[in-house]
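For reference, the structure discussed in these notes is given below.
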Amino acid sequence: MLDLVENRIEKYIDELQDSYIKELFKRLPVGKRLRAKLILKIAKKDEAIDLAAIIEMIHAASLLHDDVIDDAMTRRGAPSINALYGNKTSIMFGDILYSKAFFELAKFESEIAKIVSNAVTQLSIGELLDVNLTKNFNTDIDIYLDMIYKKTASLIEASAECAAILSDKDKDAYAIYGKNLGLAFQIVDDILDIVADEKKLGKPTMNDFKEGKVTLPYIYLYNALEEKDKEKLKSLFKKEVNAQEKEWIKNKMIQTNSIQKAINYAQKLGNEAINAIDSKDEELIEIMKNLIYREY
Ligand code: FPP
Ligand code: MG
């Protein structure tokens with residue numbers, strides 16, 4: 001089924017009748033396709049393939065912009081589009097992908113078009129919040145959760161809700177599933193930034209803190225540290241940390257159980273996701289488990 005989504009995306013790209021866009025598209029590494037898998041598992045219909053293709057194109061567009069914003073030279077272990085072709089091309093290619101996706105979205109009933117387009121607004125607000133949060137050392141969990149809800153969970157929530165509408169299922173229940181899944185996904189992403197194997201992750205680890213992102217494990221860590229260590233952690237914020245400093249952060253994370261607390265929180269959200277829907281739906285439980293217990 002996922003192959004059908006890849007073919008649909010390719011068809012949309014072909015329709016643009018532009019060889020340069022085709023070349024850029026070939027350079028885009030295919031990701032986990034979490035959103036597409038979710039849509040296809042909830043709605044087993046042809047329309048779900050269009051919706052999955054649209055959402056994946058919007059997601060790809062957001063990453064093209066995000067890599068410019070984050071100055072990221074790699075994406076999924078390969079050079080990013082901005083690294084290969086420059087920032088301007090990455091931004092414009094993103095614009096092309098999401099505007100074509102919106103053109104296709106306009107063919108859907110207005111309820112679906114509204115949910116998806118609203119999620120994209122939230123996604124953009126979330127990215128802006130993320131950028132603004134790097135200006136200060138945020139240790140407020142609610143502010144972090146609000147940002148990751150908008151930046152990541154909103155589009156996953158919209159995917160699940162719209163797929164439920166397409167298949168006449170309980171849209172509110174699936175929206176809750178998608179929201180919790182999305183929050184858990186971003187928390188696991190933030191944990192992997194600290195603990196993953198660099199080769200598997202496809203990018204350097206402990207990059208978030210250097211970029212000014214105080215993610216959940218860091219918030220737990222800061223709040224658990226003694227005053228003098230709090231100051232030390234703050235002094236390393238947005239700095240290129242050396243191996244010894246990396247070790248210090250990692251050891252303190254272990255001593256204060258900060259990583260485990262973040263894992264527990266992601267698991268709690270995963271369970272809430274499953275409880276919102278038919279808890280016997282093995283496929284959706286599988287998606288949740290794959291997302292939480294992943295290595296990259
Ligand atoms: C990745 O976050 C970024 C997002 C999930 C959202 C980015 C959204 C925008 C740039 C808004 C613009 C939207 C469109 C449709 C063009 P991250 O940097 O934490 O994750 P990463 O490690 O994968 O880069
Ligand atoms: Mg990024």
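The values are calculated or read from the model by the stated rules, or taken from the named source; none is laboratory data. This one's a predicted model, so the numbers in the text were calculated from it and none came from an experiment. Methodologically, a virtual Cβ is constructed for each residue, glycine included, from the backbone with ideal geometry; neighbour enumeration extends over all protein chains shown. Areas reflect the complete protein model, heavy atoms only, side chains present, ligands, DNA and RNA absent. Shrake-Rupley method; radii C 1.70, N 1.55, O 1.52, S 1.80 Å.
Output the number of residues of region 5-43 satisfying the condition of being under 27 Å from Asp189 (Cβ atoms), in contact with a helix residue (DSSP H, G or I) (Cβ under 7 Å, 6 or more places away or on another chain) and surrounded by fewer than 17 Cβ atoms within 10 Å (Cβ to Cβ).
Count: 1.
Answer yes or no: is there a residue in region 194-205 that is crowded, with 21+ Cβ neighbours inside 10 Å, modelled with pLDDT under 95 and at negative phi.
yes
For region 257-296, enumerate the residues that are open to solvent by 30 Å² or more (accessible area, probe 1.4 Å) and of a type in the set (S, T, N, Q).
Asn257, Gln260, Asn264, Gln267, Asn271, Asn275, Ser279, Asn290
Under 7 Å between Cβ atoms, which residue pairs at least 6 apart in sequence (or on different chains) link something in region 49-77 that is over 20 Å from Ala158 (Cα atoms) and basic (Lys, Arg) with a partner that is within 16 Å of ligand 2 (Cβ to nearest atom) and part of a helix (DSSP H, G or I)?
From residues that are over 20 Å from Ala158 (Cα atoms) and basic (Lys, Arg), the pairs are Arg75/Leu63; Arg75/Asp67.
For region 10-28, state whether one or more residues are under 19 Å from the mean Cα position of the chain (by Cα) and within 12 Å of ligand 1 (Cβ to nearest atom).
Keep residues of region 10-28 that are under 19 Å from the mean Cα position of the chain (by Cα), which gives 28.
Next, from what is left, pick out any that are within 12 Å of ligand 1 (Cβ to nearest atom): none.
Checked against the condition, which is being under 19 Å from the mean Cα position of the chain (by Cα) and within 12 Å of ligand 1 (Cβ to nearest atom), region 10-28 yields no hits at all.
Looking at the structure I just gave you, is Leu123 within 16 Å of ligand 2 (Cβ to nearest atom) and open to solvent by 70 Å² or more (accessible area, probe 1.4 Å)?
no
Within region 74-106, can you find the residues that are within 12 Å of ligand 2 (Cβ to nearest atom), charged (D, E, K, R) and either within 17 Å of Glu211 (Cβ to Cβ) or open to solvent by less than 60 Å² (accessible area, probe 1.4 Å) (or both)?
Matches in region 74-106: Arg75 only.
Okay, residues lined up against (1) over 30 Å from Asp130 (Cα atoms); (2) not charged (D, E, K, R):
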position: Glu15; (1), (2): yes, no
position: Ile21; (1), (2): no, yes
position: Phe25; (1), (2): no, yes
position: Leu64; (1), (2): no, yes
position: Asp70; (1), (2): no, no
position: Arg75; (1), (2): no, no
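Taking region 44-73 as the region of interest, how many residues are open to solvent by 20 Å² or more (accessible area, probe 1.4 Å) and more than 14 Å from ligand 2 (Cβ to nearest atom)?
5
Give me the helices (runs of 4 or more DSSP H) completely within region 130-219, filtered to those with at least 2 residues that are within 12 Å of ligand 1 (Cβ to nearest atom) and farther than 21 Å from Ala113 by Cβ, ordered by residue number.
Correct list: 141-148, 171-195, 207-210.
Go through region 220-242 and count every residue that is outside any helix (DSSP H, G or I), in contact (Cβ under 8 Å) with a residue 60 or more places away in the chain and either open to solvent by less than 70 Å² (accessible area, probe 1.4 Å) or among the hydroxyl-bearing types (Ser, Thr, Tyr) (or both).
Qualifying residue count, region 220-242: 1.
Name the residues in region 32-48 that are in contact with a Leu (Cβ under 8 Å, 6 or more places away or on another chain) and either within 17 Å of Leu84 (Cβ to Cβ) or part of a helix (DSSP H, G or I) (or both), would you?
Within region 32-48, Leu34, Arg35, Ala36, Lys37, Leu38, Ile39, Leu40, Lys41, Ile42, Glu47, Ala48 qualify.
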